[in-house]
Amino acid sequence: MASPPIPSPPLLRVLLPLPLGQPLSYAPPANQPLPQPGMLVRVPLGNRESLGVVWDGTAEALAPGKTAKAIQAVFAEVQPLEPALRGFIDWMAEYTLNPPGAVLRMCLPMPDALIGPPPSRTVLDMAATLPELRPSAARQRVLSMARERPGLSQAELAEAASVTPAVVRGLVTAGALVQRAVASDHRQPEPEGDAPGPQLSEGQRAAAEQLSAAVAAREYNVLLLEGVTGAGKTEVYFEAVAEALRLGRQSLVLIPEIALTQAWLDRFERRFAGQAWAWHSELSPGRRGETLRAIAAGRARVVVGARSALFLPYADLGLIVVDEEHDASYKQEEGAIYNARDMAVVRAKHQGIPVILASATPSLETLQNVKRGRYRHVPLPERHGGASLPDIAAIDMRKQGISRQRFISPALQMAMTETLAQGEQAMLFLNRRGYAPLTLCGACGHRLQCPNCSAWLVEHRGRGRLLCHHCGFQARQPDACPSCGEADRFKPCGPGVERLAEEAAELFPEARVAVMASDTMTTPRHIVELLDRVARREVDILIGTQIVAKGHHFPLLTLVGVIDADLGLAGGDPRASERTWQLLTQVAGRAGRAERPGRVLLQSFMPEHPVLAAMARGDAQGFLAAELDERRRAGMPPFGRLAALIVSGPDQARVTQAGRDLARRAPQGSDLRVLGPAPAPLNFLRGRHRERLLLKAERGVDVPALLRVWLSQVALPSGVKLSVDVDPYSFL
Ligand code: ADP
Ligand code: ZN
């Protein structure tokens, strides 16, 4: 008689932090309690092992004859990934068409840092009873330092006492100092929710109360904190952070530019008498692990970071702030493509917490969400301390009669002369790194191009290099033209900030000129130092790329000259006007932030363009209304939806074929259109040819679902890669 089959235990789904389509099935570990969803586990994968997270739902049955491998280890001591974060991961994967495992990897960027005992280090204490010692001055210094500052390592103690490590080692051997292992993770001074902030104005207080109340309500809410540059948005959202601190909950503040982190941290420390934790790509691996543990354990009370900080496994997140919410750098364009501002709103929804979007120039999407009643508007009406907004005027470059090798117009030069004569500072803004964006051969007209990209090489004279800003390719300037062989005939064309600095120094030989660009400022400390020099008035003319546009406050800076206000307006980007508007407004906001009124001059070859005309009239509302109208007419976001498909590969014929195959299977409907395929404006990038398709749909269309069906019908030839960009910001 056949014995009844033994029921096998149900299989579990385990999501691995790898770009896999879905969770894999594993048998539960033998003789252990069943692991619960969210728990960190180790599983076999092929002939390797991987960490993973037990996922929700039931695993599909395996094909007959196949047996599932078992989970090897369960890390029950690690805080499980909470349901809100798991739900967020699934949602984001669906929406952005990224594999859920790729999203999990962003949430657990180094899972190993969370398991096992926390790392420790050895420190030295005074022995309870001192042995007989041959006295020496060096030994005395070490012992009194060890008494004064317990908990130093051998190296630290040697340095503090100005002796060689051998002296300290000798004291350990003699038994005068004893070793002790301590957790090496830092304990940073904790910020205090009750630390007194500045005296807020009435308008600021009203706004701060709304934000704090939203934190105290512990529920999902999106608040747009809108106020001109200098209105005190940071001071005001700090009040919401203070509320979260008082409730014992964590806050996350996203900022658009890593370079600004240090200045933000310093300001935070002054305000809260304690420290926030930074999270961005420049952290050392040790510091990353330490920060991740502090975040997961809830010790990191306030975290400031770039977009990647959004995904971390916070123990008890109570508030998200997205500073400069309109900023395009929230859009991650490589690997997993997403917009961190939008995903912050989604995460807040899953967590049931408020999110504050702060900006002087909110995106049209966000303004439209306010109109639709989805987001709450919290306005800050004026500049703090009654500072007035600057005077803005356009300089018509067609009438300036300026040589083609010069970029500072006579009108701007005159304004600079006046400003400097009054002991004030001027800033020149040009969103172009390097010396010149194009170098050509004066003999044959040959242009120096990147071998890997359809882009020109940009001369960086300071470094003596030609650089590709797209792929990072570098070369020395060749001695002779690679096309015609003529030597020394290269001519720089157009300005970058380095060239502008040269011109400024020629025009104003007495003035102290400094350049600020993301490639000349290698560390956040550099930036802070330069900012301090500007604030101390050791710089007369500050020249910079968009890094100078953001968030700084210089009381004596009263003149801003925008060298090429038209720069962002060319090309087929539907957000070009909006983005230029935001950038110019932001730059203009640097002028006259204290008692002295500011002045902004925009050099342009088309001052009649709606963006520049509205800037000069100071007509924000008029510009936004016209731009919204235009978008509505064109069915563009926020009134319609977009998704871009980019096919790329080393073999041009295959890429073209893949583009055509995609177009043949394109979805059809009265509420959508597919444009392309067409060669991308940047049709060759990092050695790959690129074609684009654009899906344009009405707002009610479920674009991700449509894309999934579409893409499942097309098999890509080998070597061809497809990236999907839902809600694209870049059209290159
Ligand atoms: P925003 O973020 O809107 O540009 P900030 O919060 O940076 O504005 O404020 C601009 C400047 O004004 C900062 O130096 C800030 O410390 C100062 N400030 C703003 N509000 C106050 C206040 N109520 N009391 C004192 N200083 C303030
Ligand atoms: Zn390149």
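The values are calculated or read from the model by the stated rules, or taken from the named source; none is laboratory data. All values derive from a computational prediction rather than experimental measurement. Ideal geometry is used to build each Cβ from the backbone, glycine not excepted, and the neighbour counts take in all protein chains shown.
Which is more than 43 Å from the chain's Cα centre (by Cα) and touching a residue at least 40 places away in the same chain (Cβ under 8 Å), of Pro111, Pro135, Pro118, Pro131? Let's see the steps before the verdict.
Details: Pro111 fails: more than 43 Å from the chain's Cα centre (by Cα); Pro135 fails: touching a residue at least 40 places away in the same chain (Cβ under 8 Å); Pro118 fails: more than 43 Å from the chain's Cα centre (by Cα).
Just a single option satisfies the conditions, and that option is Pro131.
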Residues of the stretch 555-574 being more than 20 Å from Gly494 (Cβ to Cβ) and buried (at least 22 other Cβ atoms within 10 Å of the Cβ), in sequence order, are Leu557, Thr558, Leu559, Val560
I need a count of the residues in the stretch 671-714 that are of a type in the set (Val, Ile, Thr), surrounded by 15 or more Cβ atoms within 10 Å (Cβ to Cβ) and more than 20 Å from Tyr729 (Cα to Cα). 1
What are the residues in the stretch 175-200 that are surrounded by 14 or more Cβ atoms within 10 Å (Cβ to Cβ), small (Gly, Ala, Ser) and in a strand (DSSP E or B), if any? none
Residue set Leu62, Leu20, Leu34, Leu16; condition modelled with pLDDT under 95 and within 30 Å of Val346 (Cβ to Cβ); output residue Leu20
Which numbered condition in (1) loosely packed, with under 15 Cβ neighbours inside 10 Å; (2) touching an Asp or Glu at 6+ places or on another chain (Cβ under 9 Å); (3) among the small types (Gly, Ala, Ser); (4) under 30 Å from Lys721 (Cβ atoms) is the only one that Gly618 fails? (4)
Quickly run through the stretch 201-239 and pick out the residues that are near ligand 1 (Cβ under 10 Å from one of its atoms), of a type in the set (Ser, Thr, Tyr) and assigned to a helix (DSSP H, G or I). Thr234, Tyr237
All but one of (1) surrounded by 13 or more Cβ atoms within 10 Å (Cβ to Cβ); (2) part of a loop (DSSP other than H, G, I, E, B) hold for Thr129; which doesn't? (1)
Give the residue, chosen from Thr545, Thr580, Thr585, that is touching a Lys or Arg at 6+ places or on another chain (Cβ under 8 Å) and among the hydroxyl-bearing types (Ser, Thr, Tyr). Thr545
For the stretch 190-238, enumerate the residues that are more than 25 Å from Asp266 (Cα to Cα) and aromatic (Phe, Trp, Tyr). Tyr220
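Using the structure shown, decide if Leu685 is under 29 Å from the mean Cα position of the chain (by Cα) and closer than 23 Å to Gly568 by Cβ.
yes
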